[in-house]
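Data block below; observations after.
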Amino acid sequence: SINIKQTCKILPSNMENHEQTSFRFEIDNFLEKRDVISPNFISGGCEWFVRVWQIEDHLAVTLSVPNLESLRHGWERRAKYSFIVLNQSGKELERTFEAEGLFCFELLDWCHPKVMPMTKLQKGCLENNKLIIEVQVKVVEVVHEGGVTTEKEMFNIEGFDVLYTQQVTWVSWIFVEHPDIAVDVRIKNQLLRTAYMNVLLGLIETLDRPPRSLSETELRDAHIELSELTEAGFKVDWLKTKLEEVSLVRKNEISDGSQVEELEEHVKNLKLELDNEKTKSSNASDRVLLLEKEVSDLKIELDKERSAKSPISKVALLKDAADSFWNTTNLGIRQRRAGYQKVDSKRFLSCPRTG
């Protein structure tokens, strides 16, 4: 359940009688909820609502303008706002700094993404699992009531004229996140101030790209632009840190990427070579088996042909038998003749000699 309590404080007349509104609502069973939207409330003649949710294990709180379809194109309000986080007893757990944002047709909400760690709430800071959120809102300027607006129309944000485009969103965000970014800028010429702001926006856009997509020329230009902004009085240490991080990440990614690409190419070539060898081996094996089968079939066919064209006749068989008998008989005669000659020789040697 959500309980609501709203109080108002009247500001001096020089603030156009805009009211600073304090809006408080309670959230029961908060730790079981991931995203809570408050009822709408009124401040400075406008409707607002608060969203309480989680971003990367942190409590996040957003101030938003509802009913987009009811707003006229070009509608704009500049408002200051802050949030207070309390437990059931009213003990303050966290308070955000007062921020100022330009709420317009293109940008209807501003967020504090890391109000406090969720672990702090989970370690007993809450009572009965109840969370109280208080938001203080003060509309400081009705920039535009809405209607027909061209992209050539200029709006002044913290002393800088910017086009009524997405630039309004970016410049408003810059001054919320880095409120002292231009306190040392002494340039009076509005055209020159706008030119420097465009350089700043371009640099932020460049550093928001994936590091590996940046060229050496773009990084070199980014260093030059950063130096120019610093010399003009802009406090951009946060961008300097970002540029150093992007440069280092790009260097490591390109170095690691080259090695990875080289290994990937080598693996790809080896796989292709292996596939070719497998194909050759498979083809060779199949060829050998095919040839062996063809040789076997040809042998069978040859034997059949020989049997059919060269039959063995009885005459041939008798002739072979006669030849065998004759060869055997001749061998026996030769052996007996050799035996007789041996016996006669012995007899001749044994006879007594005369005279």
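The values are calculated or read from the model by the stated rules, or taken from the named source; none is laboratory data. On a predicted model such as this, the values are computed, not experimentally measured, just so you know. Heads up, the Cβs are rebuilt from the backbone with ideal geometry, glycines too, and the neighbour counts pull from every protein chain shown. With ligands, DNA and RNA removed, areas are computed over all heavy atoms of the protein, side chains included. Shrake-Rupley method; radii C 1.70, N 1.55, O 1.52, S 1.80 Å.
Quick check on my filter: what residues within region 104-145 are under 19 Å from residue 53 (Cβ atoms) and aromatic (Phe, Trp, Tyr)?
Within region 104-145, 110 is the sole residue that qualifies.
Filtering region 75-107 down to residues that are outside any strand (DSSP E or B) and within 20 Å of residue 42 (Cα to Cα), which residue is modelled with the highest pLDDT?
Initially, region 75-107 is screened for residues outside any strand (DSSP E or B), giving 75, 87-91, 96-98, 105-107.
Restricting the remaining residues to those that are within 20 Å of residue 42 (Cα to Cα) gives 75, 98, 105, 107.
Details: 75: 77, 98: 86, 105: 67, 107: 73.
Of everything passing the filter in region 75-107, 98 is modelled with the highest pLDDT.
Within region 108-119, does at least one residue satisfy the condition of being part of a loop (DSSP other than H, G, I, E, B), modelled with pLDDT under 85 and closer than 16 Å to residue 46 by Cα?
Going through region 108-119, the residues part of a loop (DSSP other than H, G, I, E, B) turn out to be 108.
Those still in the list that are modelled with pLDDT under 85 too: 108.
Adding the requirement that they be closer than 16 Å to residue 46 by Cα leaves 108.
Yes: region 108-119 contains one or more residues that are part of a loop (DSSP other than H, G, I, E, B), modelled with pLDDT under 85 and closer than 16 Å to residue 46 by Cα.
How about region 207-242: which of its residues are assigned to a loop (DSSP other than H, G, I, E, B) and either open to solvent by 60 Å² or more (accessible area, probe 1.4 Å) or closer than 19 Å to residue 158 by Cβ (or both)?
From region 207-242, those assigned to a loop (DSSP other than H, G, I, E, B) are 208-210, 214-215, 232-236; that's our starting set.
Listed by number, the residues that qualify are 208, 209, 210, 232, 233, 234, 235, 236.
Working carefully through the options 22, 38, 1, find the one that is modelled with pLDDT of 50 or more, hydroxyl-bearing (Ser, Thr, Tyr) and farther than 21 Å from residue 108 by Cβ. Before you say what the answer is, go through the steps one by one.
Numbers: 38 fails: farther than 21 Å from residue 108 by Cβ; 1 fails: modelled with pLDDT of 50 or more.
When all the criteria are applied, what remains is 22.
Mind listing whichever residues of region 176-206 are open to solvent by 20 Å² or more (accessible area, probe 1.4 Å), in a helix (DSSP H, G or I) and either in contact with a Cys (Cβ under 8 Å, 6 or more places away or on another chain) or within 15 Å of residue 99 (Cα to Cα) (or both)?
177
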